[in-house]
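Read the structure below first, then the notes.
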Amino acid sequence: MDAFDLEVFGRVVDDYEAIHTIRGDLERELSRPIAADEVAAALLRLVDSGFVDAFEYGSASNSWVEARTEGIDVGELWFVANSRGRAEYERLAA
């Protein structure tokens, strides 16, 4: 995992975050432009690694529903680290 992925990972450890919320935070903290595609790619790598899950908000159920990332606009999804991901983040951040 590279430094950028770790930065993105840190954003989804405690709460649901979307590409646009992570991007804005990273632009302020890293003092450089961040492309939405760059954040999306990092999130998809974290999902593929099994550390982060993708969700969409189900208006019918008024709750978060786990979503697949294949074949949809990931810009519409929210992401959060699962228990395995939180443990891995703590290990990496130590």
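Suppose the filter is exposed (fewer than 11 other Cβ atoms within 10 Å of the Cβ) and closer than 17 Å to Ala3 by Cβ; does Arg45 pass it? Write out each step before concluding.
Values: exposed (fewer than 11 other Cβ atoms within 10 Å of the Cβ): no; closer than 17 Å to Ala3 by Cβ: yes.
For Arg45, the condition - exposed (fewer than 11 other Cβ atoms within 10 Å of the Cβ) and closer than 17 Å to Ala3 by Cβ - is not met.
Consider Leu92 against the criteria (1) aliphatic (A, V, I, L, M); (2) more than 12 Å from Gly10 (Cα to Cα); (3) out of contact with any Ser or Thr (no Cβ under 8 Å at 6 or more places or on another chain): it satisfies all of them except one. Which criterion is unmet?
(2)
Restricted to the stretch 77-87, and to residues that are in a helix (DSSP H, G or I) and free of Cβ contacts under 8 Å to residues at least 40 places away in the same chain, which residue is nearest to Glu7 (Cα to Cα)?
Checked the stretch 77-87; the qualifying residue nearest to Glu7 (Cα to Cα) is Ala87.
Out of Leu26, Leu92, Leu77, report the one residue that is of a type outside the set (S, T, N, Q), touching a strand residue (DSSP E or B) at 6+ places or on another chain (Cβ under 7 Å) and surrounded by 13 or more Cβ atoms within 10 Å (Cβ to Cβ).
Working: Leu26 fails: touching a strand residue (DSSP E or B) at 6+ places or on another chain (Cβ under 7 Å); Leu92 fails: touching a strand residue (DSSP E or B) at 6+ places or on another chain (Cβ under 7 Å).
Selected residue: Leu77, the only one of Leu26, Leu92, Leu77 that is of a type outside the set (S, T, N, Q), touching a strand residue (DSSP E or B) at 6+ places or on another chain (Cβ under 7 Å) and surrounded by 13 or more Cβ atoms within 10 Å (Cβ to Cβ).
Which residue is farthest from the chain's Cα centre (by Cα), if the candidates are limited to the stretch 48-64 and must be among the small types (Gly, Ala, Ser) and surrounded by 11 or more Cβ atoms within 10 Å (Cβ to Cβ)? I'd like the intermediate steps shown before the answer.
Of all residues in the stretch 48-64, those among the small types (Gly, Ala, Ser) come to 49-50, 54, 58-61, 63.
Narrowing further to those that are surrounded by 11 or more Cβ atoms within 10 Å (Cβ to Cβ): 49-50, 54, 58.
Values: Ser49: 12, Gly50: 12, Ala54: 8, Gly58: 18 Å.
Across the stretch 48-64, the extreme among qualifying residues is Gly58.
Could you say which residue among Ala40, Ala35 is crowded, with 16+ Cβ neighbours inside 10 Å and small (Gly, Ala, Ser)?
Details: Ala35 fails: crowded, with 16+ Cβ neighbours inside 10 Å.
Going through Ala40, Ala35 in turn, the sole match is Ala40.
Against the definition (within 22 Å of Arg23 (Cβ to Cβ) and either in contact (Cβ under 8 Å) with a residue 12 or more places away in the chain or not in a helix (DSSP H, G or I) (or both)), how does Asp53 come out, yes or no?
On the way: within 22 Å of Arg23 (Cβ to Cβ): yes; either in contact (Cβ under 8 Å) with a residue 12 or more places away in the chain or not in a helix (DSSP H, G or I) (or both): yes.
Yes; evaluated as a whole, the condition is true for this residue.
Just give me the residues in the stretch 56-72 being without any contact (Cβ under 8 Å) to a residue 12 or more places away in the chain and among the acidic types (Asp, Glu), in sequence order.
So the first thing to find is which residues in the stretch 56-72 are without any contact (Cβ under 8 Å) to a residue 12 or more places away in the chain, and the list is 58-63, 65, 70-72.
Within the stretch 56-72, just Glu70 meets the criteria.
List pairs: first in the stretch 1-26 and in a strand (DSSP E or B), second modelled with pLDDT under 95 and of a type in the set (D, E, K, R), Cβ under 9 Å, 6+ apart or cross-chain?
That search, which allows pairs on different chains as well, returns Glu17/Asp25; Ala18/Glu76.
Tell me, please, whether a residue that is part of a helix (DSSP H, G or I), within 16 Å of Asp5 (Cβ to Cβ) and in contact with a helix residue (DSSP H, G or I) (Cβ under 7 Å, 6 or more places away or on another chain) can be found in the stretch 63-76.
Within the stretch 63-76, the subset part of a helix (DSSP H, G or I) is 74-76.
Narrowing further to those that are within 16 Å of Asp5 (Cβ to Cβ): 74.
Checking which are in contact with a helix residue (DSSP H, G or I) (Cβ under 7 Å, 6 or more places away or on another chain) leaves us with 74.
Yes - at least one qualifying residue is present in the stretch 63-76.
The values are calculated or read from the model by the stated rules, or taken from the named source; none is laboratory data. These figures come from a predicted structure and were not determined experimentally. Don't worry about glycine lacking a Cβ; one is built from the backbone with ideal geometry, like all the others, and counts go over all protein chains shown.
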